[in-house]
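Student: Let me begin by handing over the structure; questions about it come next.
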Amino acid sequence: MSVEPRVNEQIRAREVRLVGPEGEQVGIVPLERALQLAADVDLDLVEVAPMARPPVCKLMDFGKFKYESALKAREARRNQQQTVIKEMKLRPKIDPHDYETKKGHVVRFLKAGDKVKVTIMFRGREQSRPELGFRLLRRLSEEISELGFVEASPKQDGRNMIMVLAPHRATKAAAVAAVATKPGREPREGDAPVETETATTTAE
């Protein structure tokens with residue numbers, strides 16, 4: 001959360017290092033002088049580097065500055081995409097039809113630009129046959145290789161075996177472009193490839 005800078009009479013320093021509206025260095029002047037200069041040109045005195053000694057203040061139109069900053073922040077949010085991790089659970093002896101259905105979900109998730117955590121769930125004696133899980137995960141990773149890649153190799157975790165798939169950069173970019181150009185949709189956070197936070201969705 002950004003802290004709004006002090007403006008005009010909110011500034012507490014006795015003297016400031018003053019910067020003109022075009023970025024020119026005026027030098028160190030008493031605060032009263034800086035405030036007078038701001039009033040003379042109908043601008044605000046804004047503290048832009050409060051930790052400096054003396055603090056750096058600039059002459060600017062603060063209302064315009066806040067408006068432009070808000071536009072930049074909104075543009076930055078457009079160019080971000082939350083990293084969403086979906087989860088797909090399979091059994092080591094999954095039925096061929098069920099496998100194709102769940103692979104279809106994985107394909108859909110990757111095309112949407114999401115990562116997928118694939119979990120193989122072992123029960124009873126199946127735990128003594130980890131190769132079944134490795135074989136199934138390897139098959140899945142090979143069949144979706146045009147859309148994604150193995151970000152985290154299969155590893156045993158108790159009764160489960162876990163692998164993480166991530167979309168290729170081109171796949172993710174295509175998903176972002178598709179969402180951004182969807183008719184009637186306002187731009188929102190999560191529209192381009194910068195990872196920010198993680199959400200987990202489970203699909204079985």
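The values are calculated or read from the model by the stated rules, or taken from the named source; none is laboratory data. Owing to the predicted nature of the structure, the values given are computational and were not obtained by experimental measurement. As a convention, Cβ positions derive from the backbone with ideal geometry for all residues, glycine included, and neighbour counts pool all protein chains shown. To get the accessible areas, we keep the full protein, side chains included, count just its heavy atoms, and leave off ligands, DNA and RNA. Shrake-Rupley method; radii C 1.70, N 1.55, O 1.52, S 1.80 Å.
Student: Leaving out ligands and nucleic acids, note down the accessible area per residue over the range 98-173 with a 1.4 angstrom probe, in whole Å².
Tutor: Ligands and nucleic acids excluded, the figure is 56 Å² per residue.
Student: Quick one: work out the % antiparallel among DSSP beta bridges in the range 33-163, nearest 5.
Tutor: 65 percent
Student: Can you sort LYS64, LYS172 by 1.4 Å-probe accessible area, starting with the largest?
Tutor: LYS64, LYS172
Student: Averaged per residue, what accessible surface does the range 5-83 expose to a 1.4 Å probe, in Å²?
Tutor: 65 Å²
Student: Continuing with this model, one more query. Loop-only check: which trypsin sites (Lys or Arg not before Pro) in the range 88-133 are DSSP coil with at most 12 other Cβ within 10 angstrom?
Tutor: When the trypsin sites (Lys or Arg not before Pro) of the range 88-133 are filtered for loop state and at most 12 Cβ neighbours within 10 Å, LYS93, ARG123 remain.
Student: Still on this structure, please answer the following. Amide H to amide H, which residues 5 or more places from HIS168 or on other chains are under 5 Å from it, using H placed in the peptide plane?
Tutor: Close amide H contacts, sequence-distant or interchain: GLY148, PHE149.
Student: Output ³J(HN,Hα) for the range 33-46: one whole-Hz value per residue in order, computed from phi by the Karplus curve 6.51 cos²θ - 1.76 cosθ + 1.60 with θ = phi - 60°, and x for Gly and Pro.
Tutor: Karplus values, whole Hz, x for Gly and Pro: 5, 5, 5, 5, 4, 5, 5, 4, 9, 6, 10, 9, 9, 10.
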